[in-house]
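Reading through the C-alpha coordinates given below for one structure.
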Amino acid sequence: NGSSFFYWQQVDFGLKPTFRINQVAISQSGDTTLVASKLLYANHYFHTALELQALIPDESRGPGFWLVTLKRMRADGMSGATGQMVRGRIEKEAVSGLTQALRATKGKLESGR
(Lines give C-alpha, C1' and ligand atoms only; values in the text may rest on other atoms or scores of the structure.)
Protein backbone atom coordinates (compact mmCIF):
# COMPACT_ATOMS: atom_id res chain seq x y z
CA ASN A 1 0.00 0.00 0.00
CA GLY A 2 2.86 2.37 -0.57
CA SER A 3 5.14 4.07 -3.02
CA SER A 4 8.60 5.56 -2.94
CA PHE A 5 10.42 8.06 -5.12
CA PHE A 6 13.55 10.21 -5.23
CA TYR A 7 13.75 13.89 -6.09
CA TRP A 8 16.34 16.66 -6.14
CA GLN A 9 15.89 20.33 -5.38
CA GLN A 10 17.86 23.51 -5.23
CA VAL A 11 16.64 25.91 -2.56
CA ASP A 12 17.72 29.40 -1.52
CA PHE A 13 18.52 28.62 2.06
CA GLY A 14 20.99 30.22 4.44
CA LEU A 15 23.78 32.26 2.86
CA LYS A 16 23.90 30.39 -0.48
CA PRO A 17 21.70 28.01 -2.49
CA THR A 18 21.63 24.40 -1.34
CA PHE A 19 21.35 21.37 -3.63
CA ARG A 20 19.62 18.40 -1.99
CA ILE A 21 18.58 14.85 -2.92
CA ASN A 22 15.68 13.28 -1.00
CA GLN A 23 13.75 10.02 -0.85
CA VAL A 24 10.04 10.01 -0.04
CA ALA A 25 7.95 6.99 0.99
CA ILE A 26 4.15 7.19 1.20
CA SER A 27 1.93 4.56 2.81
CA GLN A 28 -1.86 4.51 3.01
CA SER A 29 -3.96 2.29 5.22
CA GLY A 30 -7.67 2.99 5.38
CA ASP A 31 -8.13 6.72 5.96
CA THR A 32 -4.64 7.23 7.41
CA THR A 33 -1.69 8.36 5.28
CA LEU A 34 1.94 8.31 6.41
CA VAL A 35 4.72 10.18 4.58
CA ALA A 36 8.44 9.86 5.35
CA SER A 37 11.07 12.03 3.67
CA LYS A 38 14.80 11.40 4.15
CA LEU A 39 17.62 13.70 3.06
CA LEU A 40 20.18 11.58 1.21
CA TYR A 41 22.61 14.35 0.18
CA ALA A 42 23.10 18.09 0.61
CA ASN A 43 26.07 20.00 -0.79
CA HIS A 44 26.35 22.06 2.42
CA TYR A 45 24.72 22.92 5.77
CA PHE A 46 22.94 19.59 6.38
CA HIS A 47 24.35 16.17 7.38
CA THR A 48 20.98 14.47 7.54
CA ALA A 49 17.28 15.19 7.85
CA LEU A 50 14.18 13.11 8.41
CA GLU A 51 10.60 14.29 8.18
CA LEU A 52 7.58 12.21 9.16
CA GLN A 53 4.00 13.28 8.48
CA ALA A 54 0.73 11.59 9.34
CA LEU A 55 -2.72 12.52 8.10
CA ILE A 56 -5.11 11.15 10.70
CA PRO A 57 -8.89 11.44 10.23
CA ASP A 58 -10.93 13.08 13.00
CA GLU A 59 -14.52 12.03 12.46
CA SER A 60 -15.64 13.72 15.68
CA ARG A 61 -15.08 17.13 14.02
CA GLY A 62 -16.69 16.28 10.67
CA PRO A 63 -14.79 15.86 7.44
CA GLY A 64 -11.10 16.57 7.84
CA PHE A 65 -8.00 15.28 9.49
CA TRP A 66 -5.08 16.13 11.75
CA LEU A 67 -1.74 16.79 10.06
CA VAL A 68 1.04 15.72 12.41
CA THR A 69 4.61 16.61 11.39
CA LEU A 70 7.92 15.69 12.99
CA LYS A 71 11.20 17.01 11.58
CA ARG A 72 14.75 16.35 12.70
CA MET A 73 17.92 17.73 11.08
CA ARG A 74 21.65 17.77 11.76
CA ALA A 75 23.76 20.57 10.33
CA ASP A 76 27.41 21.58 9.81
CA GLY A 77 29.30 24.68 10.88
CA MET A 78 26.96 26.04 13.52
CA SER A 79 29.65 26.92 16.09
CA GLY A 80 31.66 30.12 16.50
CA ALA A 81 30.63 33.65 15.55
CA THR A 82 29.96 32.85 11.90
CA GLY A 83 28.06 29.71 12.84
CA GLN A 84 25.78 31.67 15.16
CA MET A 85 24.97 34.13 12.36
CA VAL A 86 24.30 31.31 9.88
CA ARG A 87 22.27 29.33 12.43
CA GLY A 88 20.03 32.30 13.18
CA ARG A 89 19.32 32.84 9.50
CA ILE A 90 18.72 29.13 8.84
CA GLU A 91 16.31 28.87 11.79
CA LYS A 92 14.41 31.95 10.60
CA GLU A 93 14.18 30.64 7.03
CA ALA A 94 13.13 27.16 8.22
CA VAL A 95 10.24 28.60 10.23
CA SER A 96 9.26 30.85 7.32
CA GLY A 97 9.39 27.94 4.85
CA LEU A 98 7.31 25.70 7.10
CA THR A 99 4.73 28.45 7.57
CA GLN A 100 4.46 28.97 3.81
CA ALA A 101 4.18 25.23 3.16
CA LEU A 102 1.41 24.82 5.74
CA ARG A 103 -0.52 27.80 4.32
CA ALA A 104 -0.19 26.42 0.77
CA THR A 105 -1.35 22.97 1.93
CA LYS A 106 -4.32 24.50 3.75
CA GLY A 107 -5.26 26.54 0.67
CA LYS A 108 -5.12 23.50 -1.64
CA LEU A 109 -7.18 21.38 0.73
CA GLU A 110 -9.81 24.07 1.20
CA SER A 111 -10.11 24.67 -2.55
CA GLY A 112 -10.68 20.94 -3.11
CA ARG A 113 -7.70 20.43 -5.45
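Heavy atoms only, probe 1.4 Å: what % of the accessible area of the chain goes to carbon and sulfur, would you let me know?
Details: 4650 of 8360 Å².
After summing per-atom areas, the C and S share lands at 56 percent.
For the chain, the residue among Leu34, Leu98, Leu67 whose Cα projects farthest onto the positive side of the dipole built from Cβ charges is Leu98.
What is the percent of Cα-Cα separations in segment 13-95 that go past 17 Å?
On the way: 1962 of 3403 pairs.
Result: 58 percent of Cα pairs exceed 17 Å.
Rounding to the nearest 10 and keeping the result within 0 to 90°, find how far the Cα-based axis of helix 80-111 lies from the longest principal axis of the chain. So the inclination is approximately 20 degrees. Per-residue ellipticity at 222 nm, computed for the chain from helices alone with -39500 (n - 2.57) per DSSP H run of at least four residues, works out to -10500 deg cm²/dmol.
Please compute the length gained on full extension between Ile56 and Val11, using 0.36 nm multiplied by the number of residues separating them and subtracting their Cα-Cα distance.
Details: separation 45, 0.36 × 45 = 16.20 nm, distance 2.95 nm.
Additional length available on full extension: 13.3 nm.
Accessible surface area normalised per residue over the chain is 74 Å², counting heavy atoms of protein chains with a 1.4 Å rolling probe. Extending 7 Å from Cα along the Cβ direction at Asp31 and again at Met85 yields two label points whose distance is 5.2 nm.
The values are calculated or read from the model by the stated rules, or taken from the named source; none is laboratory data. Computed from a prediction, not measured in an experiment: that's the story for all the values here. Reconstructed Cβ throughout: ideal geometry from the backbone, glycine too, with neighbour counts over all protein chains shown. For the accessible areas, the whole protein counts, side chains as well, though only heavy atoms, and no ligand, DNA or RNA atoms are used. Shrake-Rupley method; radii C 1.70, N 1.55, O 1.52, S 1.80 Å.
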